[in-house]
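So the structure is just underneath, and the comments pick up after that.
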Protein chains: 2
Amino acid sequence: MPASLPDRAAGEPSPQPFTFELQATSGRARAGLFHTPHGPILTPAFAPVGTQATVKAVTPDQLRELGAGLILANAYHLYLRPGDERVAEQGGLHRFMGWGGPILTDSGGFQLFSLADQRTVDDEGVSFRSHLDGSLHRFTPEKAIAVQENLGADITMALDECAEPLDRAYNEQALARTHAWALRCLQAKTRPDQALFAIVQGGIFIDLRLQSAEFLSGLGTPGLAIGGLSVGESKGQMHAVLEALHPALPPDRPRYLMGVGAPEDLVEGVQRGVDLFDSVLPTRMARNDAALTRAGRLNLRNAPYADDERPIDPECGCYACRHFSRAYLRHLIIAHEMLSATLLSIHNLHTLIQLTADLRLAILQGRLAQFVHAFQDQRVQAEVEA
Amino acid sequence: MPASLPDRAAGEPSPQPFTFELQATSGRARAGLFHTPHGPILTPAFAPVGTQATVKAVTPDQLRELGAGLILANAYHLYLRPGDERVAEQGGLHRFMGWGGPILTDSGGFQLFSLADQRTVDDEGVSFRSHLDGSLHRFTPEKAIAVQENLGADITMALDECAEPLDRAYNEQALARTHAWALRCLQAKTRPDQALFAIVQGGIFIDLRLQSAEFLSGLGTPGLAIGGLSVGESKGQMHAVLEALHPALPPDRPRYLMGVGAPEDLVEGVQRGVDLFDSVLPTRMARNDAALTRAGRLNLRNAPYADDERPIDPECGCYACRHFSRAYLRHLIIAHEMLSATLLSIHNLHTLIQLTADLRLAILQGRLAQFVHAFQDQRVQAEVEA
């Protein structure tokens, strides 16, 4: 269970949106509350990804039962389909997708720079071809904000240039653009009910990361993201960047490590001061027949599971583990039944959401070191048994 | 809401499994309770189909919320994959698929006779090739029972020969076999916690149908099915068969019209004494982007729905209609998101389950004629508007 909210005297007004209450720390690790117009996000938190305004294969009711505190959607995808103006006409993203909790929209920066030869970038913005129909489009910082204001998420992201993390020259050049664009995004922003997060870039280069953190912290956005990691660098390099950034980022604002979501990465990230995570990993793995546990991964397509009457993880309390065996899940996979993607998505999301909730509780209760120790022991044990 | 169960004095034992309480009639229409080891089925009832031990794209929790009183699975499919013995080792179908309510397994007769040139039939049974891998198999009445005893459903079906409904000579020949096989199924049966239903055949030929009803009623099975309809004959021919069978079937046992599930067919069937229905229609339509309402059908892929902020059916109380617009559902369809199949399956199943629950209430309250009149008016009105 997630930790309960702190007591508040009756009649006391809720805090202003976008204030961050730091409730406890343990080393660099932090437990906090980030207030949004759609309720508080208890941190550390893992956010399921709903790229196209749906977390693939699960309903909003199932997400609520999972205790999801924040979900993501993607401005690039929704701009192309069904169109951000259409979403606005339908009452905004919360109403459109039936999710009453906090939502974060990514600006599209990462997607645009993943298009490779389908885009050209200049100081003003990015011209690109739609991955759907090849049609020509252009995103500028101002456009990225306009799209996200139409979508209406609680947290919006600045448009950034995502450079290859090991290329120093490109990172230097991209950083200047990312900083200029963050400023333009802030200037273009009109909705007071949305928090803009700027995105710290700089690849694996500590001096660039520190320069980025200093510049972007100075903009006064209610939160900061760490972009450009988990895209080709080593774990050690990622950890070094997080460790260097910890003292350079304002302690009173949440830190969001973009695109990171393996269990071990959540544990390492929290220990280095990260408050928010997101990743398509749990739902993508689910559609590839794999179950994610704290101890490792199971490919449920494998033949030995055909007669395995245990749940995916006997320690897990998710809907899938409470009701179904590995044998049943394997049957669904082999029989090409959609329910396997739903049940595995529920399980995999539960693994990550529950892990961040447990990390939060350990920080609040001053026993993070013991928790991390037990987590690592469990993984070593599972490797020995495998 | 389904009608509530009748009051029972505290401490009074539950009725024996497989007794049918006829609670009210209205013309030929009946409202009743069929008791099974996994709870009573309130009739008339529509049963969602879970061919491969899953109602496609919905979880058992969602089925429970829909008020499903009975679900189907298929002996032919489960025999081939994952294997009925494997299901038995996993504790039987209820436990395997996480469904604690009543289950009915079809014997596989319909599937075997649909295989056409992949099977040969003789008086002893049917030899066939698997539709999965071409391997050779044989079903006899005894084997069909053994498979269904391994699966462990509450209601099992006799193996029957499904003849083309308009071919008199074939129906005469098939009927003799269907009757002999029903007797052999009854003799082979060993589990007292399963009710075997015999299947009345005879195509569109009233004399054959009456002969079948008389023979099979005499076997004393706790229920009777009506097979071989909705497979090529006209609606008028189907209605004539049902009307002729009404007085020929024992009033104190449930009547199950196999494979029938369009809203108008449920209303017509109930008026002719049918208690149970099943069909893949609602879930198959859902995967083909179509929504089923009492008034008709909507293809939500169509462009005008892109900006339609109404729910599928403003009168409907299902999860999909309470939370999502046609615009959102169309977006999911166009974006190839699995959630569309889940939400449309929920809606389509709700339409049929709620319709049978409303028919039941109308019978119990003595206002079936008015209900049917209003139902038909609604359809005519929708056609006028379309």
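The values are calculated or read from the model by the stated rules, or taken from the named source; none is laboratory data. All of these numbers come straight from a predicted model, not from anything done at the bench. Note that each Cβ is placed from the backbone with ideal geometry, even for glycine, and that neighbours are counted across all protein chains shown.
Could you say whether any residue in the range B:288-295 is farther than 20 Å from B:PHE375 by Cα and not polar (S, T, N, Q)? Yes, the range B:288-295 contains at least one residue that is farther than 20 Å from B:PHE375 by Cα and not polar (S, T, N, Q).
Looking at B:LEU42, B:LEU33, B:LEU78 in this structure, which one is assigned to a strand (DSSP E or B) and touching an Asp or Glu at 6+ places or on another chain (Cβ under 9 Å)?
Working: B:LEU42 fails: touching an Asp or Glu at 6+ places or on another chain (Cβ under 9 Å); B:LEU78 fails: assigned to a strand (DSSP E or B).
Within the list B:LEU42, B:LEU33, B:LEU78, the selection yields B:LEU33.
Per the conditions (1) of a type in the set (D, E, K, R); (2) within 18 Å of A:GLY98 (Cβ to Cβ); (3) modelled with pLDDT under 95, the sole criterion not satisfied by B:ARG326 is (3). Answer yes or no: is there a residue in the range A:14-28 that is surrounded by 17 or more Cβ atoms within 10 Å (Cβ to Cβ), in the same structural domain as A:GLY269 (by TED's automatic domain parsing) and within 14 Å of the chain's Cα centre (by Cα). So far as the range A:14-28 goes, no, none of its residues is surrounded by 17 or more Cβ atoms within 10 Å (Cβ to Cβ), in the same structural domain as A:GLY269 (by TED's automatic domain parsing) and within 14 Å of the chain's Cα centre (by Cα).
Quick check on my filter: what residues within the range A:335-349 are at the interface with chain B (Cβ under 7 Å from one of its Cβ atoms) and either of a type in the set (Gly, Ala, Ser) or closer than 11 Å to B:THR59 by Cβ (or both)? Talk me through it step by step, then tell me what you get.
So the first thing to find is which residues in the range A:335-349 are at the interface with chain B (Cβ under 7 Å from one of its Cβ atoms), and the list is A:335, A:337-339, A:341-342.
The answer is A:ALA335, A:MET338, A:LEU339, A:ALA341, A:THR342.
Pick from A:ARG191, A:ARG184: which is over 18 Å from A:ALA116 (Cβ atoms), of a type in the set (D, E, K, R) and in a loop (DSSP other than H, G, I, E, B)? Lay out the reasoning, then the answer.
Details: A:ARG184 fails: in a loop (DSSP other than H, G, I, E, B).
Checking each option against the conditions leaves just A:ARG191.
In the range B:94-111, the residue that is farthest from the other protein chains (Cβ to nearest Cβ) out of those that are under 26 Å from B:ASP61 (Cβ atoms) and in a loop (DSSP other than H, G, I, E, B) is B:PRO102.
For the range B:54-93, which residues satisfy the criterion of being within 7 Å of chain A (Cβ to nearest Cβ) and either in contact with a helix residue (DSSP H, G or I) (Cβ under 6 Å, 6 or more places away or on another chain) or under 19 Å from B:ILE145 (Cα atoms) (or both)? Hits for the range B:54-93 are B:THR54, B:LYS56, B:ALA57, B:ARG81, B:PRO82, B:ARG86, B:GLU89, B:GLN90.
Note on the range B:214-323: enclosed helices (runs of 4 or more DSSP H) holding 2 or more residues that are under 19 Å from B:LEU343 (Cα atoms) are B:281-287, B:319-323.
Criterion first (over 19 Å from B:THR190 (Cα atoms), among the polar types (S, T, N, Q) and away from chain A (no Cβ under 14 Å)) does B:SER135 satisfy it?
Working: over 19 Å from B:THR190 (Cα atoms): yes; among the polar types (S, T, N, Q): yes; away from chain A (no Cβ under 14 Å): yes.
Against the criterion (over 19 Å from B:THR190 (Cα atoms), among the polar types (S, T, N, Q) and away from chain A (no Cβ under 14 Å)), B:SER135 qualifies.
Is at least one residue of the range A:181-190 in contact with a strand residue (DSSP E or B) (Cβ under 9 Å, 6 or more places away or on another chain), among the aliphatic types (A, V, I, L, M), surrounded by 24 or more Cβ atoms within 10 Å (Cβ to Cβ) and over 20 Å from A:ALA244 (Cβ atoms)? No, the range A:181-190 contains no residue that is in contact with a strand residue (DSSP E or B) (Cβ under 9 Å, 6 or more places away or on another chain), among the aliphatic types (A, V, I, L, M), surrounded by 24 or more Cβ atoms within 10 Å (Cβ to Cβ) and over 20 Å from A:ALA244 (Cβ atoms).
What residue, among those in the range A:290-332 that are among the charged types (D, E, K, R) and crowded, with 20+ Cβ neighbours inside 10 Å, is farthest from the other protein chains (Cβ to nearest Cβ)? Before you say what the answer is, go through the steps one by one.
Filtering the range A:290-332 for residues among the charged types (D, E, K, R) gives A:294, A:297, A:301, A:307-310, A:313, A:315, A:322, A:326, A:330.
Next, from what is left, pick out any that are crowded, with 20+ Cβ neighbours inside 10 Å: A:294, A:313, A:326, A:330.
Working: A:ARG294: 24, A:ASP313: 16, A:ARG326: 10, A:ARG330: 8 Å.
Looking at residues that are among the charged types (D, E, K, R) and crowded, with 20+ Cβ neighbours inside 10 Å, I get A:ARG294.
If the condition is being surrounded by 23 or more Cβ atoms within 10 Å (Cβ to Cβ) and either more than 23 Å from A:PHE139 (Cβ to Cβ) or without any contact (Cβ under 8 Å) to a residue 12 or more places away in the chain (or both), then the range A:44-58 contributes A:PRO44, A:ALA45, A:PHE46, A:PRO48, A:VAL55, A:ALA57, A:VAL58. Checked against (1) assigned to a loop (DSSP other than H, G, I, E, B); (2) in contact with a Cys (Cβ under 9 Å, 6 or more places away or on another chain), B:THR351 meets all criteria but (1).
Taking the conditions (1) assigned by TED's automatic domain parsing to the domain that holds B:ASP154; (2) part of a loop (DSSP other than H, G, I, E, B) in turn, B:PHE197 satisfies each one other than (2).
In the condition set (1) in contact with an Asp or Glu (Cβ under 8 Å, 6 or more places away or on another chain); (2) surrounded by fewer than 24 Cβ atoms within 10 Å (Cβ to Cβ); (3) basic (Lys, Arg), B:ARG255 is compliant with all but (2). Filtered by the rule that a residue be among the polar types (S, T, N, Q) and either outside the structural domain of A:SER114 (by TED's automatic domain parsing) or under 18 Å from A:LEU104 (Cα atoms) (or both), the range A:200-227 gives a lone residue, A:THR221.
Please go through the range A:108-136 and give me each residue that is crowded, with 19+ Cβ neighbours inside 10 Å and modelled with pLDDT of 90 or more, ordered by number. So that I can check it myself, show each step before the final result.
Of the range A:108-136, the ones crowded, with 19+ Cβ neighbours inside 10 Å are A:108-113, A:125-126, A:128.
Within the range A:108-136, A:GLY125, A:VAL126, A:PHE128 meet the criteria.
Exactly one residue out of B:ALA176, B:ALA163, B:ALA240 is aliphatic (A, V, I, L, M) and within 21 Å of B:ARG30 (Cβ to Cβ): that is B:ALA240.
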